[in-house]
Amino acid sequence: MNHELDFPAGIWEAFAKSRPTVRCSAGYLIYLQDSEATCFYFLKSGRVKSFLQSEDGVERVLHIYSAGSLFGEASFFDELPRVSSAVALDVCEIVPIDRELVAQEFARRPELALAMLKYLARTVRLLSGQVDQMAFRPARWRTASYLLTLAGQDGTVSCTQDDIAAAVSASRVTVSRILNDFVRTGWVKLGYRSITLLEPERLKELCKL
C-alpha cells in the first residue's frame, strides 16, 4: 500500500548524482511549515518525518520517509508556502533539488517528468485517504492501514507508538492497546522502535471491513 513501491528502484537517484549530500543529525529541522519552498529533497539514507503543527503546538504526523524517497516536492512545484514541516528522525543524508537541476534532468530524461506527475498524483491520493481515515474510520482500522502504508518489502515498520498515535489521531494508550491485540492474534511483532507485520493479509482484511 506504500504509494512509492511500484516505481522503478532507484528512479529518483538521478537527482542526486551531480549534487553534494547534506548530512543531518537526528532531530535536525529540515524545513518549517509556512516557509518558502526553494527546493525539495532526495533522501539517500535515514528517515525523515513530515508533520503539521497547530498554533497550540499539537502535532499531526503526515508521513515517515525512508531512504530512496522524495519529500517536500508539493510546495516546491506549486510555489506556495510549505504546508508541513520535516525533521530528521535519524542521522540522514539528503540532497537538495532546485529548479535548475529539475529542468536539466527533465530535459535529459522526459520519462522522469512523467514519473514525477504520477508521484504527485499518488501523494494527493494518499492525503485524501488520510482525510477519509481520520473522519470516518475507527482507531483499529486507522492503525492497521497506517502500518500497511509504511511497511517495507520485508514487512518492517520503523516508527514508535507515539509516531503512530500522532499519525492516526489516537491516544498513545489506544494505539498501544490495539498493537497488543495485534500481537496476541499473531498479526504483528513489536521491537525496539519497529513493528514487523507477520500477517499483513489479516490487516488488509481488517481494512476492507
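Separation of the range 51-78 and the range 134-199, taken as the distance between their Cα centroids, equals 19 angstrom.
Taken along the Cα-to-beta-carbon direction at a fixed 7 Å, the label points for Ala26 and Asp154 span 1.8 nm. Using every Cα-Cα pair within the chain, state what percent have a distance larger than 31 Å. Cα-Cα pairs of the chain separated by over 31 Å account for 20 percent. Taking every C-alpha pair closer than 8 Å and separated by at least 6 residues, the mean separation divided by the residue count of the range 24-176 gives a relative contact order of 26 percent.
Per residue, how large is the accessible surface of the chain? Use a 1.4 angstrom probe and give square angstrom. Don't jump to the answer; show the numbers that get you there.
Working: 10900 Å² over 209 residues.
On a per-residue basis, the chain sits at 52 Å².
Here Lys189 is the anchor, and the lysines within straight C-alpha reach of less than 17 Å, apart from those fewer than 8 places off in the same chain, are Lys204.
Counting protein heavy atoms only, the chain has 54 percent of its accessible area on carbon and sulfur, 1.4 angstrom probe. Here the Karplus curve 6.51 cos²θ - 1.76 cosθ + 1.60, taken at θ = phi - 60°, turns the phi angles of the range 95-109 into couplings of 10, x, 10, 9, 5, 4, 5, 4, 4, 4, 6, 5, 5, 6, 9 Hz, with x standing for Gly and Pro.
The values are calculated or read from the model by the stated rules, or taken from the named source; none is laboratory data. Predicted model only: the values in this text are computed from it and were never measured. Here Cβ is always computed from backbone atoms with ideal geometry, including for glycine, and neighbour counts include all displayed protein chains. Note: accessible area is taken over every heavy atom of the protein model, side chains too, but ligands, DNA and RNA are not part of it. Shrake-Rupley method; radii C 1.70, N 1.55, O 1.52, S 1.80 Å.
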